[in-house]
Amino acid sequence: MSVTDRVVVVGGDAAGMSAASTAKRRAGDALDVVVVERSRWTSYSACGIPYWVAGDVDGPDGLVARSPSEHRSRGIDVRTAVTATALDLAAREVVVQGEAGEQRIGYDQLVVATGAEPIVPDVPGVDAQGVHGVQTLDDGCRLLESLARDPRRAVVVGGGYIGIEMAEACVRRGLETTLVDQADEPMRTLDPDLGKQVREAMQAMGVRMVMGARVEALESGADGRVSGVVTEVGTYGAEVVVFGIGVQPRVGLARDAGLPIGASGGLRTAASMAVPGQDGLWAAGDCVESWDRIRRDHVHVPLGTHANKQGRVVGLNLSGGREEFAGVLGTAITKVCDLELGRTGLTAAQADELGRDAVSATAETTTRAGYFPGAEPMTVRLTAEPGGLLLGGQIVGRDGSALRIDTVASALWAGLSVADLVALDLAYAPPFSSVWDPVQVAARALLGKLP
């Protein structure tokens, strides 16, 4: 790396700014770091948008961890409201469009951190006003503008993490809320009987749950605003529609430049986060594939935790380090009303899809010692290979349940067996746990079912 090296980062959220900040902090004046970001914000929490919409937190600025001006004060040339339109790999230039018109920015090293974009079904009417995806702060602002029109009814399409969080937010804002999903139960990353607990909690909160139904079209009025969602089982009136189906990697720039796209749709990188076959080109965050340590395959897992870690690896490596991103487990957590849920690794059904034998066991236990005030029910399910190697876990329960999934994730990461998990020295006091930790209760049940 010469003293005149310039790093251009495309994308100014978690992965991009983590890479830029790490590189600048390590290299100082020896590195010119330029970040182009199409929105007005940098380093923000997209995961906080449902809670902003619900009124739990202030936004949009309240969701910003570090503003463009703060990054500039640290020596990073952040250019907001500037959109990268092409990557000219031969010329080592990024073509951008902003207030000054089209420009080209030369680079010695390039970081692609373009993130993800909401999945919107290809059905008639999706371009009506009042129809929203939720991925960026701009998306959140547009949704709140629609909600400021005092709508009466909302339909949320999709029963995954984004969908259930947005449905709760709409209910809390006083809207008659319907959730539509093709699956029989919400949260398809859980087993169906655990997903049923989520559905029942949402119904108790007042959400109409329309399961096993495919969206066929969106209706709109003469004013061009959405008025209803047509499904195969009926039509549901709405003045606001939120698509919470999930997101897909934003890889248009990368694809147009001929960069490798993996089977899951994300940019393919090495463990160093370098793009194979390209000198000085890196990628990180929601636009890339990640190596799943349990599946033993590349997957797309769009989470801020991974984006920040991958960005850090990029920043270390493009400034002379030799780091690797170690992979993912599919660990995730959320809540709906007072029901918490967490999962990591594989379910038995997912293991079966991969052709791997698996055994599962379930424990119905409590968040504290059963006799202690405030003890709440929780369900813990663990899955392992017949030989005892742990494959995954799921937890659904009330306050104090879901974060215990990190115990399972740690065991998975370390390659522990079910017997190892039973033997772990975990903390105990009646206000926090039964004498056997709930995860270990499930591990003992699973140990008894193994051959």
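Here, each number is a calculation from the coordinates, and none is a lab measurement. Values in this document were obtained by computation on a predicted structure and should not be read as measured data. Every residue, glycine as well, gets a Cβ built from its backbone with ideal geometry; the counts of neighbours run over all protein chains shown.
Worth pointing out:
- Separation of alpha-carbon centers, the stretch 267-293 and the stretch 1-47, rounded to whole Å: 17 Å
- Only beta bridges with both residues in the stretch 161-306 are counted; by DSSP, about 75 percent of them are antiparallel.
- Its relative contact order, with pairs defined as Cα atoms under 8 Å and 6+ residues apart, puts the stretch 120-245 at 35 percent.
- Overall form of the stretch 9-129 per C-alpha gyration tensor (a/c, 1.5; a/b vs b/c): oblate
- If both residues of a DSSP beta bridge must be in the chain, then about 60% of such bridges are antiparallel.
- Cα gyration tensor, the stretch 314-384 - rounded (a/c under 1.5), prolate or oblate: oblate
- Taking the stretch 339-449 and dividing mean pair separation by its residue count, relative contact order in percent (alpha carbons under 8 Å, at least six apart): 32 percent
- When peptides 160-166, 315-321 are ranked by their average number of other Cβ atoms within 10 Å per residue, the highest-first order is 160-166, 315-321.
- The stretch 120-245: mean projected area of Cα convex hull, nm²: 7.1 nm²
- Principal axis dimensions, largest first and in whole angstrom, of the stretch 339-449 by Cα: 44, 27, 23
- Taking every DSSP helix (H) stretch of at least 4 residues in the chain, weighting each as -39,500 (n - 2.57) and dividing the sum by the residue count yields a mean residue ellipticity at 222 nm of -7500 deg cm²/dmol.
- Prolate/oblate/rounded label for the chain (Cα gyration tensor, a/c 1.5): oblate
- Remark: relative contact order (the chain) = 13 percent; criterion is Cα-Cα distance under 8 angstrom and separation of 6 or more residues.
- For the peptides 90-103, 338-351, residues were scored by their other Cβ atoms within 10 Å and the scores averaged per peptide; the highest-first order is 338-351, 90-103.
- Basic side chains Lys and Arg get +1 at the Cβ, acidic Asp and Glu get -1 at the Cβ, and with that the dipole of the stretch 120-245 about its Cα centre reaches some 320 debye.
- Difference of contour (0.36 nm per residue) and Cα-Cα distance, Leu389 to Arg296: 32.0 nm
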